[in-house]
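Each value in this text was obtained by applying a stated rule to the coordinates, not by laboratory testing. No experiment lies behind these values; they were computed from the predicted model shown. Note: ideal-geometry Cβ built from the backbone for every residue, glycine included; neighbour counts use all protein chains shown.
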Amino acid sequence: MDRDWEILEKSLTGKIFGHKLQYYPETGSTNDEAFKLGIAGAPEGTVIIADSQTEGRGRLHRAWHSPAGSNIYTTVILRPQLEPSRVPQISIFAGIAVAEVLEKYCPNRINVKWPNDILINGKKVCGILSQAKADVNKVDFIILGIGINVNINQFPGEISNIATSLAIETGREIPRQQLIISLYENLAKWYKQLLQEGFGRIKEKWLSLSLMIGQKVQVMFKDEIISGAAVDLDDDGSLILLAEDGKRIKASAGDATIMR
Ligand code: BTN
């Protein structure tokens, strides 16, 4: 990857995302690196890429499996002029952008799962973890972390049933640098869409790729379980459920499962 990274740097010169690029053969977490850079005033579009992470993090304090030589672990710093209540739209637009790129490798097989997983054949191929530094009135910056399982062929124990990779699904090795270039180009396209046109088209696309809409789902968060038919995605990124008593309930965090 070290030589590939030089090619990458050239390809992203002058682009919205990646005009500033930091590559690490190994780091704790690209999100932690990006957060430090954000605090230090790094500009929008600064991208961190690592070949491996020793403390890769997922949602709900889970670990993100991050071995060397096979996958993509990357974080970009955003400084959008966005009301803080719209921050969850960032992970949603990113999910759509990633899904569209992965579609090229696995046509018609990509789905999204609330809140922001990308699935192939019901197994997770990509996870997104964003974190904002904001006060009630203003967003200072957002770090948008993306992990894509690209060429990994085997996952450790408990995640082997729920995770997959592009290599497993396509039967071939995928060059990571080309994928990163497409990823950041497409993220820039959908970011522009979000900031200039709003959330509408992003939400529409998300709903069309989601397998949950119309299904009975259960959302678990800490000790709480809510269930109902998934009917919509709210503008604040929550999943809207229609409970059996006809009430609309908003799920804003947790894990969602389709009930069969
Ligand atoms: C999830 O689905 O739980 C989110 C996983 C996010 C993983 C990525 S890999 C790059 C960035 N650095 C991290 O430590 N996490 C994110």
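With the charge dipole of region 2-209 set up from +1 on Lys and Arg Cβ and -1 on Asp and Glu Cβ about the Cα centre, the Cα lying farthest toward the positive end among the listed residues THR46, ILE16, LEU209 is that of LEU209. Of all DSSP beta bridges confined to the chain, the antiparallel ones make up roughly 85%.
Considering only alpha-carbon pairs that sit under 8 angstrom and 6 or more positions apart, the relative contact order computed for region 2-209 is 21 percent.
When the GluC sites (Glu not before Pro) in region 178-260 are filtered for DSSP coil states and for at most 14 other beta-carbon atoms within 10 Å of their beta-carbon, the remaining sites are GLU244.
Counting lysine pairs in region 148-260 whose alpha carbons fall under 24 angstrom apart, excluding pairs fewer than 8 residues apart on the same chain, gives 13. Can you tell me how region 216-258 classifies by the Cα gyration tensor, rounded, prolate or oblate, using a/c under 1.5 as the rounded cut? Oblate, since a/c reaches 1.5 and b/c is not below a/b.
Using a/c under 1.5 as the rounded threshold, could you call region 7-75 rounded, prolate or oblate? The axes a ≥ b ≥ c are square roots of the C-alpha gyration tensor eigenvalues, and prolate needs a/b larger than b/c, oblate otherwise. Cα axes put region 7-75 in the oblate bin. Spacing of the modelled spin labels on ARG86 and ILE159, each 7 Å from Cα toward Cβ, amounts to 3.3 nm.
When the GluC sites (Glu not before Pro) in region 1-71 are filtered for DSSP coil states and for at most 11 other beta-carbon atoms within 10 Å of their beta-carbon, the remaining sites are GLU26. Residues whose amide H lies under 5 Å from that of VAL217, counting only those 5 or more places away or on a different chain, are GLY228, ALA229, ALA230, MET259; hydrogens are built 1.01 Å from N in the peptide plane.
Taking a span of 15 Å or more along the helix axis (Cα atoms) and a mean Kyte-Doolittle hydropathy of at least 0.0 as the rule, the DSSP H helices of the chain that qualify are 88-103.
Computed over the chain, the percent of Cα pairs more than 29 Å apart is 28. In a DSSP loop and with at most 15 other Cβ atoms within 10 Å, the trypsin sites (Lys or Arg not before Pro) in region 168-197 are ARG172. Over the residues of the chain, the helix contribution to mean residue ellipticity at 222 nm works out to -9000 deg cm²/dmol, using -39500 (n - 2.57) for each DSSP H run of at least 4.
Each part gets one Cα centre, and for region 125-175 versus region 194-260 those centres are 20 Å apart. For ASN31, neighbours were defined as the other residues whose beta-carbon sits under 14 Å from its Cβ, and their charges (Lys and Arg +1, Asp and Glu -1) total +2. Ranking LEU37, ILE168, PRO156 by Cα position along the charge dipole of the chain, where only Lys, Arg, Asp and Glu carry charges on their C-beta atoms, puts ILE168 farthest toward the positive end.
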